[in-house]
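The values are calculated or read from the model by the stated rules, or taken from the named source; none is laboratory data. On a predicted model such as this, the values are computed, not experimentally measured, just so you know. Positions of Cβ are generated from backbone atoms using ideal geometry, with glycine treated the same way; all protein chains shown enter the neighbour counts. Calculation scope for accessible area: heavy atoms of the full protein, side chains included, ligands and nucleic acids excluded. Shrake-Rupley method; radii C 1.70, N 1.55, O 1.52, S 1.80 Å.
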Amino acid sequence: MRIPPSLSILPIFFAIAACDLDIKHCIGDCTQGASDSQTGDPTPDTTGDLTTDGNPGPVTTGDPGELTDGGTDPTGGDELGTCEIVDDIPLAETCFDGQFTAGELCILGTFGFGTPATSSLVLPLDAHHGADLLLTPGDGSVEARLFAPATTSSLTWAQTIGAQPILRASGDFDEDGVLDVLAHTVGPTGLEIHALFLDGAGGLATDQIVHTADNVVALDAVDWDGDGHLDIVTLANTPSLDALVILLGDGTGNFTLTTGPVVEPSTPGYVLGALDGDGRPDDFVFVQGGSAVIVRNQGLVQQTLAPGMPAEVWFHEFILADLDGDGVTDLAGVGTNTATETSELVVFLQDSGDFPSFARYPVHCGARVLAVGDLDSDGVLDLVTAGTGPGSIRRGDGQGGFAQHLQIFLGALNEGDGLHVADLEGDGSPDIVGVPAVGLGISVVYNRP
(Lines give C-alpha, C1' and ligand atoms only; values in the text may rest on other atoms or scores of the structure.)
Protein backbone atom coordinates (compact mmCIF):
# COMPACT_ATOMS: atom_id res chain seq x y z
CA MET A 1 0.00 0.00 0.00
CA ARG A 2 1.47 3.32 -1.02
CA ILE A 3 1.19 6.33 1.18
CA PRO A 4 -0.92 9.20 -0.19
CA PRO A 5 1.52 12.10 -0.58
CA SER A 6 -1.14 14.60 0.47
CA LEU A 7 -1.14 13.37 4.06
CA SER A 8 1.65 15.17 5.86
CA ILE A 9 2.90 14.93 9.39
CA LEU A 10 2.47 18.31 11.04
CA PRO A 11 4.59 19.44 13.95
CA ILE A 12 2.78 20.19 17.20
CA PHE A 13 3.77 22.04 20.33
CA PHE A 14 4.42 19.63 23.19
CA ALA A 15 4.20 20.96 26.73
CA ILE A 16 6.96 19.49 28.91
CA ALA A 17 5.94 19.36 32.59
CA ALA A 18 8.22 21.48 34.72
CA CYS A 19 7.54 19.45 37.84
CA ASP A 20 6.01 15.98 38.01
CA LEU A 21 6.90 14.24 41.25
CA ASP A 22 6.01 10.59 41.72
CA ILE A 23 5.60 10.00 45.47
CA LYS A 24 6.27 6.27 45.39
CA HIS A 25 9.38 6.48 43.27
CA CYS A 26 10.49 9.92 44.36
CA ILE A 27 10.73 11.02 40.75
CA GLY A 28 12.03 14.56 40.41
CA ASP A 29 12.61 17.01 37.62
CA CYS A 30 12.64 20.09 39.84
CA THR A 31 16.25 20.01 41.04
CA GLN A 32 17.55 23.45 41.86
CA GLY A 33 19.75 24.82 39.15
CA ALA A 34 17.98 23.05 36.31
CA SER A 35 18.54 24.77 33.02
CA ASP A 36 15.72 26.60 31.24
CA SER A 37 15.96 24.18 28.33
CA GLN A 38 14.59 21.42 30.54
CA THR A 39 11.38 23.13 31.48
CA GLY A 40 10.77 24.93 28.22
CA ASP A 41 9.36 23.54 25.00
CA PRO A 42 11.06 23.33 21.65
CA THR A 43 9.99 26.07 19.31
CA PRO A 44 7.42 24.60 16.93
CA ASP A 45 7.70 25.05 13.20
CA THR A 46 4.38 26.53 12.19
CA THR A 47 5.21 26.36 8.49
CA GLY A 48 5.30 22.55 8.40
CA ASP A 49 8.96 22.47 7.37
CA LEU A 50 11.53 20.45 9.27
CA THR A 51 13.42 22.17 12.07
CA THR A 52 16.55 21.41 14.04
CA ASP A 53 16.95 21.41 17.79
CA GLY A 54 19.76 23.95 17.72
CA ASN A 55 23.49 23.81 18.05
CA PRO A 56 24.91 21.47 20.65
CA GLY A 57 27.03 22.72 23.49
CA PRO A 58 30.76 22.31 23.89
CA VAL A 59 32.41 18.92 24.28
CA THR A 60 33.16 17.94 27.85
CA THR A 61 35.90 15.52 28.75
CA GLY A 62 37.37 14.03 31.85
CA ASP A 63 38.74 10.83 33.32
CA PRO A 64 36.26 8.42 34.83
CA GLY A 65 35.71 8.92 38.53
CA GLU A 66 35.32 5.89 40.79
CA LEU A 67 32.16 5.74 42.88
CA THR A 68 31.93 4.31 46.36
CA ASP A 69 29.26 1.77 45.37
CA GLY A 70 31.40 -0.12 42.86
CA GLY A 71 30.23 1.70 39.78
CA THR A 72 31.97 4.19 37.53
CA ASP A 73 30.94 7.72 36.76
CA PRO A 74 32.15 8.17 33.15
CA THR A 75 31.54 11.91 33.28
CA GLY A 76 34.24 12.48 35.89
CA GLY A 77 31.69 13.06 38.65
CA ASP A 78 30.74 16.55 37.47
CA GLU A 79 27.25 15.82 36.11
CA LEU A 80 25.67 13.11 38.25
CA GLY A 81 23.12 14.62 40.61
CA THR A 82 22.23 17.57 38.38
CA CYS A 83 19.77 18.28 35.59
CA GLU A 84 22.28 20.49 33.79
CA ILE A 85 23.62 18.12 31.16
CA VAL A 86 25.79 19.53 28.38
CA ASP A 87 25.18 18.32 24.84
CA ASP A 88 28.41 17.23 23.16
CA ILE A 89 27.19 15.52 19.96
CA PRO A 90 27.80 17.96 17.11
CA LEU A 91 25.54 18.22 14.10
CA ALA A 92 27.47 16.75 11.15
CA GLU A 93 28.27 19.14 8.31
CA THR A 94 26.83 16.57 5.91
CA CYS A 95 23.44 16.53 7.63
CA PHE A 96 20.35 17.37 5.60
CA ASP A 97 22.11 17.11 2.24
CA GLY A 98 19.84 14.25 1.24
CA GLN A 99 22.68 11.72 1.13
CA PHE A 100 22.99 9.23 3.95
CA THR A 101 26.44 8.88 5.50
CA ALA A 102 27.21 6.33 8.20
CA GLY A 103 27.98 8.08 11.46
CA GLU A 104 25.63 11.01 10.86
CA LEU A 105 23.23 11.89 13.62
CA CYS A 106 20.88 14.44 12.07
CA ILE A 107 18.17 15.01 14.65
CA LEU A 108 15.27 17.27 13.71
CA GLY A 109 12.48 18.88 15.72
CA THR A 110 9.57 17.02 17.27
CA PHE A 111 6.56 16.11 15.16
CA GLY A 112 3.26 14.92 16.58
CA PHE A 113 0.13 13.26 15.27
CA GLY A 114 -2.67 10.93 16.24
CA THR A 115 -3.92 10.10 19.70
CA PRO A 116 -2.48 8.28 22.71
CA ALA A 117 -2.28 4.49 22.54
CA THR A 118 -2.38 1.86 25.24
CA SER A 119 0.23 -0.24 23.39
CA SER A 120 2.42 -0.02 20.31
CA LEU A 121 4.82 -2.02 18.16
CA VAL A 122 7.19 -0.98 15.38
CA LEU A 123 7.46 -3.40 12.47
CA PRO A 124 7.18 -3.31 8.66
CA LEU A 125 3.47 -3.55 7.92
CA ASP A 126 3.58 -3.11 4.15
CA ALA A 127 6.09 -3.55 1.36
CA HIS A 128 7.14 0.10 1.17
CA HIS A 129 9.71 2.22 2.94
CA GLY A 130 10.81 1.31 6.47
CA ALA A 131 9.13 0.49 9.76
CA ASP A 132 5.52 1.29 10.58
CA LEU A 133 3.52 1.59 13.79
CA LEU A 134 0.79 -0.73 15.00
CA LEU A 135 -1.27 0.83 17.80
CA THR A 136 -4.20 0.23 20.13
CA PRO A 137 -5.78 3.70 20.56
CA GLY A 138 -7.72 2.63 23.66
CA ASP A 139 -11.16 2.36 22.10
CA GLY A 140 -10.87 -1.37 21.39
CA SER A 141 -9.57 -0.91 17.85
CA VAL A 142 -6.21 -1.65 16.26
CA GLU A 143 -4.69 0.99 13.99
CA ALA A 144 -1.81 0.81 11.53
CA ARG A 145 0.29 3.88 10.79
CA LEU A 146 2.10 3.44 7.48
CA PHE A 147 5.05 5.75 6.91
CA ALA A 148 6.66 7.31 3.88
CA PRO A 149 8.98 10.33 3.60
CA ALA A 150 7.26 13.24 5.38
CA THR A 151 3.86 11.51 5.29
CA THR A 152 1.82 9.00 7.19
CA SER A 153 -1.38 7.11 6.44
CA SER A 154 -3.75 5.67 9.02
CA LEU A 155 -5.47 2.32 8.52
CA THR A 156 -7.92 1.13 11.19
CA TRP A 157 -8.51 -2.59 11.18
CA ALA A 158 -12.04 -3.58 10.25
CA GLN A 159 -11.81 -6.53 12.64
CA THR A 160 -12.22 -6.24 16.41
CA ILE A 161 -9.97 -8.73 18.16
CA GLY A 162 -11.48 -8.33 21.64
CA ALA A 163 -11.86 -5.99 24.59
CA GLN A 164 -8.92 -3.89 25.76
CA PRO A 165 -6.35 -5.21 23.25
CA ILE A 166 -2.68 -4.92 24.16
CA LEU A 167 0.09 -5.58 21.61
CA ARG A 168 3.09 -7.35 23.10
CA ALA A 169 5.54 -8.73 20.52
CA SER A 170 6.05 -9.54 16.85
CA GLY A 171 7.47 -12.49 14.93
CA ASP A 172 6.84 -14.63 11.87
CA PHE A 173 4.87 -17.50 13.40
CA ASP A 174 3.85 -19.14 10.10
CA GLU A 175 7.16 -18.38 8.35
CA ASP A 176 5.55 -16.77 5.32
CA GLY A 177 7.93 -13.79 5.31
CA VAL A 178 5.39 -11.45 6.96
CA LEU A 179 5.80 -10.53 10.62
CA ASP A 180 2.87 -11.43 12.83
CA VAL A 181 1.85 -9.99 16.20
CA LEU A 182 1.31 -11.38 19.69
CA ALA A 183 -1.41 -9.66 21.72
CA HIS A 184 -3.85 -10.25 24.52
CA THR A 185 -7.42 -9.12 25.18
CA VAL A 186 -9.95 -9.43 27.99
CA GLY A 187 -12.32 -12.31 27.29
CA PRO A 188 -15.33 -13.77 29.11
CA THR A 189 -13.21 -16.32 30.99
CA GLY A 190 -9.91 -14.48 31.37
CA LEU A 191 -7.13 -12.98 29.30
CA GLU A 192 -7.11 -14.33 25.74
CA ILE A 193 -3.73 -14.58 24.02
CA HIS A 194 -3.89 -13.92 20.27
CA ALA A 195 -1.56 -14.78 17.43
CA LEU A 196 -2.43 -12.14 14.84
CA PHE A 197 -1.35 -13.20 11.36
CA LEU A 198 -0.87 -10.08 9.23
CA ASP A 199 -1.52 -9.71 5.51
CA GLY A 200 1.62 -7.73 4.55
CA ALA A 201 -0.40 -4.65 3.60
CA GLY A 202 -1.07 -3.21 7.04
CA GLY A 203 -4.10 -5.37 7.81
CA LEU A 204 -5.09 -8.56 9.62
CA ALA A 205 -5.45 -11.86 7.76
CA THR A 206 -6.26 -14.27 10.62
CA ASP A 207 -6.87 -13.90 14.35
CA GLN A 208 -6.08 -17.05 16.30
CA ILE A 209 -6.72 -17.31 20.06
CA VAL A 210 -4.00 -19.66 21.26
CA HIS A 211 -4.41 -19.61 25.04
CA THR A 212 -6.61 -18.27 27.83
CA ALA A 213 -5.25 -17.47 31.29
CA ASP A 214 -6.53 -15.89 34.50
CA ASN A 215 -3.69 -13.38 34.41
CA VAL A 216 -0.62 -12.82 32.28
CA VAL A 217 2.51 -11.10 33.58
CA ALA A 218 4.90 -11.77 30.72
CA LEU A 219 4.19 -12.47 27.06
CA ASP A 220 6.82 -12.84 24.36
CA ALA A 221 7.61 -14.49 21.04
CA VAL A 222 10.94 -16.37 21.10
CA ASP A 223 12.44 -19.68 20.00
CA TRP A 224 12.26 -21.22 23.46
CA ASP A 225 13.25 -24.80 22.56
CA GLY A 226 15.87 -23.96 19.92
CA ASP A 227 14.19 -25.84 17.05
CA GLY A 228 14.23 -22.86 14.67
CA HIS A 229 10.52 -22.05 15.07
CA LEU A 230 9.06 -19.21 17.11
CA ASP A 231 7.26 -20.11 20.31
CA ILE A 232 5.03 -18.10 22.64
CA VAL A 233 6.13 -17.71 26.24
CA THR A 234 3.74 -16.51 28.92
CA LEU A 235 4.22 -16.09 32.64
CA ALA A 236 1.03 -16.62 34.61
CA ASN A 237 0.83 -15.24 38.13
CA THR A 238 -2.33 -16.69 39.66
CA PRO A 239 -3.27 -18.47 42.90
CA SER A 240 -3.16 -21.82 41.08
CA LEU A 241 -0.18 -21.28 38.78
CA ASP A 242 3.02 -19.28 39.12
CA ALA A 243 5.00 -20.70 36.23
CA LEU A 244 5.79 -20.44 32.56
CA VAL A 245 3.23 -21.53 29.99
CA ILE A 246 4.98 -22.20 26.69
CA LEU A 247 3.20 -22.61 23.36
CA LEU A 248 5.65 -24.44 21.12
CA GLY A 249 5.31 -23.35 17.49
CA ASP A 250 5.86 -25.62 14.49
CA GLY A 251 6.48 -22.92 11.89
CA THR A 252 3.03 -23.28 10.30
CA GLY A 253 1.10 -21.18 12.80
CA ASN A 254 0.11 -24.08 15.04
CA PHE A 255 1.13 -24.37 18.69
CA THR A 256 1.38 -27.10 21.34
CA LEU A 257 0.93 -26.07 24.95
CA THR A 258 3.39 -27.15 27.62
CA THR A 259 4.17 -25.98 31.15
CA GLY A 260 7.61 -24.71 32.00
CA PRO A 261 9.37 -24.20 35.32
CA VAL A 262 8.18 -21.98 38.13
CA VAL A 263 9.73 -18.53 37.94
CA GLU A 264 10.54 -16.65 41.10
CA PRO A 265 9.99 -13.82 41.59
CA SER A 266 7.14 -13.25 39.14
CA THR A 267 6.66 -9.50 39.07
CA PRO A 268 5.17 -7.38 36.29
CA GLY A 269 8.22 -5.53 35.01
CA TYR A 270 10.41 -7.81 32.91
CA VAL A 271 12.50 -8.29 29.80
CA LEU A 272 13.33 -11.59 28.12
CA GLY A 273 16.46 -12.54 26.21
CA ALA A 274 19.57 -14.68 26.03
CA LEU A 275 21.89 -13.42 28.73
CA ASP A 276 24.48 -16.18 28.93
CA GLY A 277 25.40 -16.55 25.27
CA ASP A 278 23.90 -20.02 24.86
CA GLY A 279 21.70 -18.88 21.98
CA ARG A 280 18.52 -19.49 23.94
CA PRO A 281 16.38 -16.41 24.68
CA ASP A 282 14.99 -18.01 27.83
CA ASP A 283 16.28 -15.75 30.60
CA PHE A 284 14.29 -13.06 32.39
CA VAL A 285 15.16 -9.76 34.00
CA PHE A 286 12.53 -8.61 36.48
CA VAL A 287 12.12 -5.15 37.93
CA GLN A 288 11.51 -5.75 41.62
CA GLY A 289 11.50 -3.02 44.24
CA GLY A 290 13.27 -0.63 41.89
CA SER A 291 16.12 -3.05 41.19
CA ALA A 292 16.85 -5.95 38.83
CA VAL A 293 16.60 -9.67 39.46
CA ILE A 294 17.88 -12.01 36.76
CA VAL A 295 16.36 -15.47 36.35
CA ARG A 296 18.45 -17.75 34.13
CA ASN A 297 16.92 -20.88 32.65
CA GLN A 298 19.08 -23.83 31.66
CA GLY A 299 16.65 -26.58 30.78
CA LEU A 300 14.54 -27.00 33.91
CA VAL A 301 17.25 -25.62 36.18
CA GLN A 302 17.09 -21.97 37.20
CA GLN A 303 19.60 -19.63 38.71
CA THR A 304 18.60 -16.31 40.23
CA LEU A 305 21.08 -13.44 40.24
CA ALA A 306 20.84 -10.02 41.83
CA PRO A 307 23.56 -7.83 40.29
CA GLY A 308 25.05 -5.18 42.51
CA MET A 309 23.33 -1.88 41.80
CA PRO A 310 23.55 1.66 43.14
CA ALA A 311 21.27 1.59 46.19
CA GLU A 312 19.98 5.13 45.68
CA VAL A 313 18.75 4.50 42.12
CA TRP A 314 15.16 3.31 41.71
CA PHE A 315 14.93 1.63 38.31
CA HIS A 316 11.91 1.94 36.06
CA GLU A 317 12.91 -0.10 33.03
CA PHE A 318 15.69 -2.33 31.68
CA ILE A 319 16.75 -3.44 28.21
CA LEU A 320 19.02 -6.27 27.03
CA ALA A 321 21.50 -5.79 24.17
CA ASP A 322 25.12 -6.42 23.25
CA LEU A 323 26.34 -2.96 24.18
CA ASP A 324 30.09 -3.52 23.81
CA GLY A 325 30.14 -5.75 20.70
CA ASP A 326 31.64 -8.82 22.36
CA GLY A 327 28.76 -11.12 21.36
CA VAL A 328 27.38 -11.38 24.91
CA THR A 329 24.20 -9.69 26.06
CA ASP A 330 24.55 -6.77 28.47
CA LEU A 331 22.05 -4.92 30.64
CA ALA A 332 21.07 -1.26 30.85
CA GLY A 333 18.50 0.44 33.03
CA VAL A 334 17.00 3.87 33.52
CA GLY A 335 16.15 5.06 37.00
CA THR A 336 15.72 7.89 39.44
CA ASN A 337 18.42 8.83 41.93
CA THR A 338 16.27 9.18 45.03
CA ALA A 339 18.98 11.15 46.87
CA THR A 340 19.21 13.94 44.30
CA GLU A 341 15.85 13.54 42.48
CA THR A 342 17.66 13.28 39.17
CA SER A 343 17.68 10.60 36.49
CA GLU A 344 20.45 8.21 35.46
CA LEU A 345 21.24 5.67 32.78
CA VAL A 346 23.15 2.72 34.27
CA VAL A 347 25.00 0.23 32.06
CA PHE A 348 26.02 -3.25 33.26
CA LEU A 349 28.48 -5.06 30.99
CA GLN A 350 28.49 -8.83 31.29
CA ASP A 351 31.70 -10.69 32.07
CA SER A 352 31.63 -14.50 32.20
CA GLY A 353 28.02 -14.69 33.26
CA ASP A 354 28.20 -11.94 35.86
CA PHE A 355 27.85 -8.16 35.98
CA PRO A 356 30.78 -7.14 38.17
CA SER A 357 30.48 -3.38 37.74
CA PHE A 358 28.38 -0.66 36.24
CA ALA A 359 28.75 2.76 34.68
CA ARG A 360 26.39 5.64 35.47
CA TYR A 361 25.43 8.42 33.08
CA PRO A 362 23.21 11.42 33.82
CA VAL A 363 20.19 11.88 31.59
CA HIS A 364 17.52 14.52 31.66
CA CYS A 365 15.35 14.45 34.77
CA GLY A 366 12.07 12.59 34.75
CA ALA A 367 13.37 9.72 32.58
CA ARG A 368 11.06 6.71 32.81
CA VAL A 369 11.56 4.63 29.63
CA LEU A 370 14.54 3.35 27.65
CA ALA A 371 15.21 2.20 24.08
CA VAL A 372 18.24 0.94 22.16
CA GLY A 373 19.23 1.18 18.50
CA ASP A 374 21.94 2.25 16.10
CA LEU A 375 20.80 5.82 15.51
CA ASP A 376 23.72 6.86 13.32
CA SER A 377 24.11 3.50 11.52
CA ASP A 378 27.78 3.23 12.45
CA GLY A 379 27.43 -0.35 13.68
CA VAL A 380 27.37 0.68 17.34
CA LEU A 381 24.27 0.71 19.54
CA ASP A 382 23.07 3.94 21.11
CA LEU A 383 20.68 4.44 24.03
CA VAL A 384 17.67 6.76 24.32
CA THR A 385 15.78 7.76 27.45
CA ALA A 386 12.54 9.72 27.72
CA GLY A 387 10.00 10.60 30.36
CA THR A 388 8.23 13.57 31.87
CA GLY A 389 10.92 16.00 30.72
CA PRO A 390 13.24 16.24 27.70
CA GLY A 391 14.72 13.02 26.37
CA SER A 392 18.37 12.11 26.06
CA ILE A 393 20.46 10.30 23.47
CA ARG A 394 23.60 8.61 24.75
CA ARG A 395 25.80 7.69 21.81
CA GLY A 396 27.69 4.41 22.10
CA ASP A 397 31.43 4.19 21.56
CA GLY A 398 31.47 0.48 20.64
CA GLN A 399 33.25 -0.48 23.88
CA GLY A 400 30.22 -0.26 26.15
CA GLY A 401 30.64 3.45 26.92
CA PHE A 402 27.96 6.12 26.38
CA ALA A 403 29.60 9.41 27.26
CA GLN A 404 28.30 11.56 24.40
CA HIS A 405 24.95 13.21 25.03
CA LEU A 406 22.24 14.97 23.01
CA GLN A 407 18.98 16.42 24.26
CA ILE A 408 15.77 15.68 22.35
CA PHE A 409 12.13 16.60 22.89
CA LEU A 410 9.35 14.03 22.94
CA GLY A 411 5.89 14.09 24.46
CA ALA A 412 5.63 13.11 28.11
CA LEU A 413 6.11 9.36 28.65
CA ASN A 414 5.67 7.24 31.75
CA GLU A 415 6.48 3.69 32.75
CA GLY A 416 4.86 1.24 30.37
CA ASP A 417 4.57 3.72 27.50
CA GLY A 418 6.17 2.99 24.15
CA LEU A 419 9.61 4.30 23.21
CA HIS A 420 11.01 2.93 19.94
CA VAL A 421 14.05 3.38 17.71
CA ALA A 422 13.02 2.55 14.15
CA ASP A 423 13.68 3.72 10.60
CA LEU A 424 10.21 4.98 9.72
CA GLU A 425 11.13 6.29 6.27
CA GLY A 426 13.54 3.64 5.03
CA ASP A 427 16.29 6.22 4.50
CA GLY A 428 18.89 4.40 6.60
CA SER A 429 18.56 6.79 9.53
CA PRO A 430 16.57 5.35 12.46
CA ASP A 431 14.09 7.71 14.10
CA ILE A 432 12.77 7.93 17.68
CA VAL A 433 9.09 7.37 18.43
CA GLY A 434 7.26 8.02 21.69
CA VAL A 435 3.78 6.58 22.22
CA PRO A 436 2.05 7.62 25.48
CA ALA A 437 -1.02 5.95 26.93
CA VAL A 438 -2.33 9.36 27.97
CA GLY A 439 -1.49 12.85 26.80
CA LEU A 440 -1.25 14.63 23.49
CA GLY A 441 -0.43 11.76 21.14
CA ILE A 442 2.41 10.11 19.27
CA SER A 443 5.64 12.08 18.89
CA VAL A 444 8.45 11.44 16.43
CA VAL A 445 11.96 12.86 16.41
CA TYR A 446 13.15 12.40 12.84
CA ASN A 447 16.75 11.60 12.02
CA ARG A 448 17.22 12.56 8.38
CA PRO A 449 20.33 12.60 6.18
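A Förster radius of 56 Å combined with the Cβ-Cβ distance from Thr304 to Phe96 puts the calculated FRET efficiency at roughly 0.70. When Arg368, Arg168 are compared by accessible area at a 1.4 angstrom probe, the order from most to least is Arg168, Arg368. Averaging 1/r over every pair of different alpha carbons in region 322-449 and inverting the result gives a Kirkwood radius of 14.9 Å. A viscosity of 0.692 mPa s and a temperature of 37 °C, combined with the Kirkwood radius over Cα pairs in Stokes-Einstein, give a translational diffusion coefficient for region 262-337 of 256 µm²/s.
Subtracting the Cα-Cα distance of Gln159 and Val438 from their residue separation scaled by 0.36 nm leaves 98.0 nm.
Separation of region 333-409 from region 429-449 is 18 Å, based on Cα centroids.
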